[in-house]
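Worksheet for the structure shown next.
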Amino acid sequence: MRFTSEQRLDGDVLEREFTLGEVPGILWTPASVPAPLILLGHPGGVRRMYPRLVARAQHSAAEGYATATIELPGGGDRPRLAVVDEARADLRRALAAGEPVTDDIVDRLVLPLVEQAVPEWRATLDALLALPEIGGPVGFAGGVIAIATRLAVVEPRISAAVLFAGSYVPRSMFEEARQVTIPLHVLLQWDDEGNDRQMVLDLFDAFGSKEKSLHANMGGHTGVPQHAGEDGNRFLARHLKQDL
């Protein structure tokens, strides 16, 4: 991990950009360290998502957490993934025409991201936990729900996860969902125009966690109410702080 820049934000939060191999990312740490860590997921495009990510990071820092994010494969300035771009175009055409979104489109859209992003997240976690200012435990919040599902299965260092049900999930991953055992807080926007509500309900049912909760709110993809984010923060605080 190579840090490339740093600045102090309000609240004495240290923001440092880094690269890990060819993967860019950002780490935010609070004034008091070592701190537990929350990995911040997003749909791709760190620069575009920065205002929302830094707001989440500053809120978490005020509660005593470090946070980090990395750019998704094919996102931002990273090389494009042709198969994903083609699938995204097919998805938009299907939605515009009122046609069903086929499993083939979903597989081509999501599986390449999962296969590449999960090892990158794990390598990032290795590097972050080697830093003296990061003490664990670790939570995951937001982003592409299929990536978070795979991480929850293969990464034992993640203690709890807040999942945003705002993206498609390949049917082949439902078996993986049955292997998830960590506590889950799943957020669903009931009227999300670009999501399959029944698929989300089926996925939630498939999760093998003994502690899981589904929080559904009226509104579209970008209409997440403030209290929904606050509920997710309380969930992470409950599960991460009890491990300290």
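All of the numbers you see were taken from the coordinates with simple rules; none came from a lab. All of these numbers come straight from a predicted model, not from anything done at the bench. Cβ: placed from backbone, ideal geometry, glycine included. Neighbour counts: every protein chain shown.
Among the residues that make up the range 27-46, is at least one of them touching a Phe, Trp or Tyr at 6+ places or on another chain (Cβ under 8 Å) and either of a type in the set (Asp, Glu) or surrounded by fewer than 18 Cβ atoms within 10 Å (Cβ to Cβ) (or both)?
no
What pairs come out if I take residues in the range 103-130 that are more than 18 Å from residue 149 (Cα to Cα) and pair them with residues that are among the small types (Gly, Ala, Ser) and not in a loop (DSSP other than H, G, I, E, B) whose C-beta lies under 7 Å away, six or more apart or interchain?
Pairs found: 105/87; 105/94; 128/68; 129/136.
Restricting the search to the range 112-144, which residues are among the small types (Gly, Ala, Ser), under 14 Å from the mean Cα position of the chain (by Cα) and either part of a helix (DSSP H, G or I) or within 12 Å of residue 37 (Cα to Cα) (or both)?
Once the filter is applied, which keeps residues that are among the small types (Gly, Ala, Ser), under 14 Å from the mean Cα position of the chain (by Cα) and either part of a helix (DSSP H, G or I) or within 12 Å of residue 37 (Cα to Cα) (or both), the range 112-144 yields 117, 139, 141.
So, in the range 61-94, exactly how many residues are in a loop (DSSP other than H, G, I, E, B) and of a type in the set (D, E, K, R)?
5
In this structure, does residue 232 turn out to be of a type in the set (Gly, Ala, Ser), part of a helix (DSSP H, G or I) and farther than 22 Å from residue 75 by Cα?
Answer is yes for this residue.
I'm trying to understand the selection: among the residues of the range 145-185, which are without any contact (Cβ under 8 Å) to a residue 40 or more places away in the chain, part of a strand (DSSP E or B) and over 22 Å from residue 54 (Cβ atoms)?
Matches in the range 145-185: 184 only.
Which condition number in (1) of a type outside the set (Val, Ile, Thr); (2) in contact (Cβ under 8 Å) with a residue 60 or more places away in the chain; (3) surrounded by fewer than 17 Cβ atoms within 10 Å (Cβ to Cβ) is the one that residue 77 fails?
(2)
Restricting attention to the range 1-35, report how many residues are touching a helix residue (DSSP H, G or I) at 6+ places or on another chain (Cβ under 6 Å), without any contact (Cβ under 8 Å) to a residue 60 or more places away in the chain and assigned to a strand (DSSP E or B).
Count: 2.
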